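Taking it in order: structure first as structure tokens, then the write-up.
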Amino acid sequence: MKITGIECLPVQDGRNCVFVVVDTDEGIFGVGEAGLTRRAHAIKAVCDDYASILVGEDPLRIEHHWQRMSRGFFFPHDNIAGSALAAIDIALWDIMGKALGVPVYQLLGGRVRDKVVCYPHTGGRTPERLVENCTRLYEEGWKFVRFSPNLGENDRFEPGEAVREAAPMFEAVRKALGDKVEICYDAHTRLDPADAIVLCRSVEQYRPFFIEDPIRSESPNSFRYLREHVNVPLAAGEQFASKWAFRQFVDEDLIDYARIDLCICGGLSESKKVAGWCETHYIKLATHNPLGPVSSAACLHLNLATSNVGVMEQPQMPGRVMTNAVPEQVKWEDGYLLPPTKPGLGIEFDREAARKLPYQPGGVTRPLLHRDDGGFTNW
């Protein structure tokens, strides 16, 4: 079996996704998904470049191809190249599973659990509205809720206000639902260490499952400083493109949950390595999955075959987005994703339908946050 082509398909259908299809001369194709969807055209260009070294090669030599894509251009891959690499890597695992007639998790060592607990995206501008939304999700079967700081009008964000609003939000959810749900809070890298310390201390009594990205993740030393001053579980890593970015965070036990994004961090091959490394430090996975249904399937297979898993991000129940391009998606039941039984990723991808969903740059807008003084801050 030989690789005959690689097609990158940036699409838009309620949200943007970047799918990548790898074809073979035996008619078996694999599908992957890339992160950084707002850089879709750059990712497509990298996929075209990778095709120049992959077409004609055996698709089952996955690790060999990973090394060539990551290290074969002198400069190591960054987040954009890592997203293209990740999508191709996931597609190659999909091909191998289909060729051998087994789900991908079997190729990763087999299932270590029967299902994977996941959390949805939750919001609410007031404690009352947040409780209403969290209660609805709990009644649907979700075991976790997750929310972030509110944004002001016209993309305004003031850290001090966000810090002061956090504790009443936590208190309201705990009062309404008690210990029936776990609470995840995503600060989205918007705070500096001083503000993050105040926030973490103010919500500690409400037992957060983790505080995610309380500060920017470029500086492990800043995480070390934060770690010394707070007593809540910390999560980070969704911006990392390889094991090397995780190195100091894992080696120095700076996080409790690794937010691996399979669609940026080199796909299944690299993410499995990071997961094993985390296991030696008692760090659990909280896979970052804000993307589409192919990403959900890839994360599910990794989590099914990995022992040190805390929770998986799943913004909403499967089957609610991208149903034209991916008519058969992973299954959700009572707050958990269930193991696929079909070979490969276990989903159905309709390439012709995907081609009819053209990507529109900027079609899904993102805020550009600013302080009251006009200064820019992280989204």
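The values are calculated or read from the model by the stated rules, or taken from the named source; none is laboratory data. Worth saying up front: this structure is predicted, and the values here are computed from it rather than measured. Virtual Cβ from ideal backbone geometry, glycine too; neighbours counted across all protein chains shown.
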Does the range 36-50 contain at least one residue that is out of contact with any Gly (no Cβ under 9 Å at 6 or more places or on another chain), outside the structural domain of residue 241 (by TED's automatic domain parsing) and part of a loop (DSSP other than H, G, I, E, B)? no
Applying the selection to the range 177-235, what residues are of a type in the set (Gly, Ala, Ser), under 17 Å from residue 252 (Cα atoms) and assigned to a helix (DSSP H, G or I)? 222
For the subset of the range 344-361 comprising residues that are farther than 23 Å from residue 89 by Cβ and in contact (Cβ under 8 Å) with a residue 60 or more places away in the chain, which member is surrounded by the most Cβ atoms within 10 Å (Cβ to Cβ)? 357
Applying the selection to the range 326-343, what residues are more than 20 Å from the chain's Cα centre (by Cα), touching a residue at least 40 places away in the same chain (Cβ under 8 Å) and over 22 Å from residue 139 (Cβ atoms)? 341, 342, 343
Per the filter on the range 185-214, residues hydrophobic (A, V, I, L, M, F, W, C) and surrounded by 16 or more Cβ atoms within 10 Å (Cβ to Cβ) are 187, 191, 196, 197, 198, 199, 200, 203, 209, 210, 211
Within the range 331-373, can you find the residues that are at positive phi, touching a Gly at 6+ places or on another chain (Cβ under 7 Å) and part of a loop (DSSP other than H, G, I, E, B)? 334, 335
Looking at 323, 306, can you tell me which residue is more than 23 Å from residue 15 (Cα to Cα), part of a loop (DSSP other than H, G, I, E, B) and either of a type in the set (A, V, I, L, M, F, W, C) or assigned by TED's automatic domain parsing to the domain that holds residue 251 (or both)? 306
Working carefully through the options 165, 182, find the one that is surrounded by fewer than 22 Cβ atoms within 10 Å (Cβ to Cβ) and without any contact (Cβ under 8 Å) to a residue 24 or more places away in the chain. 165
Considering only residues that are among the polar types (S, T, N, Q) and surrounded by 17 or more Cβ atoms within 10 Å (Cβ to Cβ), look in the range 107-149 and name the one that is modelled with the highest pLDDT. 133
Which ones in the range 233-288 are among the hydroxyl-bearing types (Ser, Thr, Tyr) and either within 16 Å of the chain's Cα centre (by Cα) or buried (at least 18 other Cβ atoms within 10 Å of the Cβ) (or both)? 242, 257, 269, 271, 287
Can you find a residue that is over 30 Å from residue 153 (Cβ atoms) and out of contact with any Ser or Thr (no Cβ under 8 Å at 6 or more places or on another chain) anywhere in the range 358-375? yes
Residues that are charged (D, E, K, R), assigned to a helix (DSSP H, G or I) and within 25 Å of residue 38 (Cβ to Cβ), drawn from the range 65-98: 89, 94
Only one of these is modelled with pLDDT of 95 or more, in the same structural domain as residue 35 (by TED's automatic domain parsing) and of a type in the set (A, V, I, L, M): 183, 95. Name it. 95
When residue 178 is evaluated against the numbered criteria (1) on the phi > 0 side of the Ramachandran plot; (2) at pLDDT below 95; (3) not basic (Lys, Arg), which criterion, by number, is the only one it fails? (2)
